[in-house]
Amino acid sequence: MARRAKPAAKSGRAASKFPKVASGELRTLLDFVRYAVSRFNEAQLVFAHGTTDPVAEAAFLVCEILHLHPDRFESFATARVTAPEARKILDVIGRRVTTRKPAAYLVNKIYMRGLPFYVDERVIVPRSFIGELLDSHFSGESDDGALIDNPLGVERVLDLCTGSGCLAVLASLSFPNARIDAVDISKDALDVAARNIAGYDLEERVTLRRGDLFKPLGETRYDLIISNPPYVDAQGMKGLPRECRAEPKLAFDGGADGLDIIRRILEEAGQHLTPEGGLLCEIGRGREMLEAAFPQLPLLWLDTEDSEAEVFWIGAGDL
């Protein structure tokens, strides 16, 4: 889930040692990225929040300060930065090192599948693999491995543990005729989700519901359930890096073995699926333990560009 780092110095000490940069020493976007990477490596930061290495994170922060989409970095890499812009970039680099907060919290933004979403400390920073799988296995163009034959025929989708609402928004794009229910137990998370839903003008299609998993849904059935629930086990919770400890504990804690929430989802999902529907669920690296707990279930494990067997699919008939 995260690249580990040695414990960093206390914020005050780190701030006092943060090197000064004279005006004009750094000129281009590339100069600031190089400087940021050096500081990030020096501080042994952890990268687990939408970027997986210091270069990608540095480019993300520089682009955000300059109001550029990250995909445009190469186009402007050698462009000069103004003095006011330079001060803002250096400030956010310094705060990333001294506070060790996830970069997304510092700029209140994260990208999923190229789309921007608002985030703050009320929600976990989204980095689910389900977004990619919606494109690769549920798109009308998915000739190989399509799990739903006709995305246009999907009428109801449920996003359990929606957090910031990112997956609900992505699902609305994958299934343009679907109404979507997005559930979370956290009022704070739903407040953030509401902002993102409104940002994509989806209030008429996405309904936010507060409650514990399926409880606020009555007997409603869905063509697809997606979920990225808490799945970190007790040992993992003790070892969370400082960056992750800045996020809501509720969004990580999956109980002693990490499967507390996932067990409940598997036990109850069948009652909320249409006959041809299915469940797409992310569980991190808990495959072996989950298969031991549910040996009778024919779980189909799906890979993405950056993950292997961290998301499973199971059809309603098999539940």
Could you tell me which residue of region 222-243 is farthest from Ser128 (Cα to Cα), considering only residues that are in contact (Cβ under 8 Å) with a residue 60 or more places away in the chain and part of a helix (DSSP H, G or I)?
Arg242
Selection count, region 103-118, where residues are assigned to a loop (DSSP other than H, G, I, E, B), out of contact with any Lys or Arg (no Cβ under 8 Å at 6 or more places or on another chain) and either among the hydroxyl-bearing types (Ser, Thr, Tyr) or at pLDDT below 95 (or both):
2
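The rows are residues; the columns are (1) in a loop (DSSP other than H, G, I, E, B); (2) open to solvent by less than 10 Å² (accessible area, probe 1.4 Å).
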position: Thr274; (1), (2): no, no
position: Leu279; (1), (2): no, yes
position: Arg285; (1), (2): yes, no
position: Met289; (1), (2): no, no
position: Pro295; (1), (2): yes, no
position: Asp303; (1), (2): no, no
position: Ala309; (1), (2): no, no
position: Ile314; (1), (2): no, yes
Candidate set: region 171-205, residues that are of a type in the set (A, V, I, L, M), in a helix (DSSP H, G or I) and open to solvent by 10 Å² or more (accessible area, probe 1.4 Å); chosen: the one nearest to Asp260 (Cα to Cα):
Leu190
For Ala58, all conditions in the list (1) within 16 Å of Pro116 (Cα to Cα); (2) surrounded by 20 or more Cβ atoms within 10 Å (Cβ to Cβ) hold save one; what is the number of the exception?
(1)
Exactly one of Thr52, Thr98, Thr78 is in contact with a Ser or Thr (Cβ under 7 Å, 6 or more places away or on another chain), open to solvent by 40 Å² or more (accessible area, probe 1.4 Å) and either polar (S, T, N, Q) or within 23 Å of Leu240 (Cβ to Cβ) (or both), and that residue is Thr78
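The values are calculated or read from the model by the stated rules, or taken from the named source; none is laboratory data. These figures come from a predicted structure and were not determined experimentally. Note: ideal-geometry Cβ built from the backbone for every residue, glycine included; neighbour counts use all protein chains shown. We work out accessible area using only protein heavy atoms, side chains counted, and drop any ligands, DNA or RNA first. Shrake-Rupley method; radii C 1.70, N 1.55, O 1.52, S 1.80 Å.
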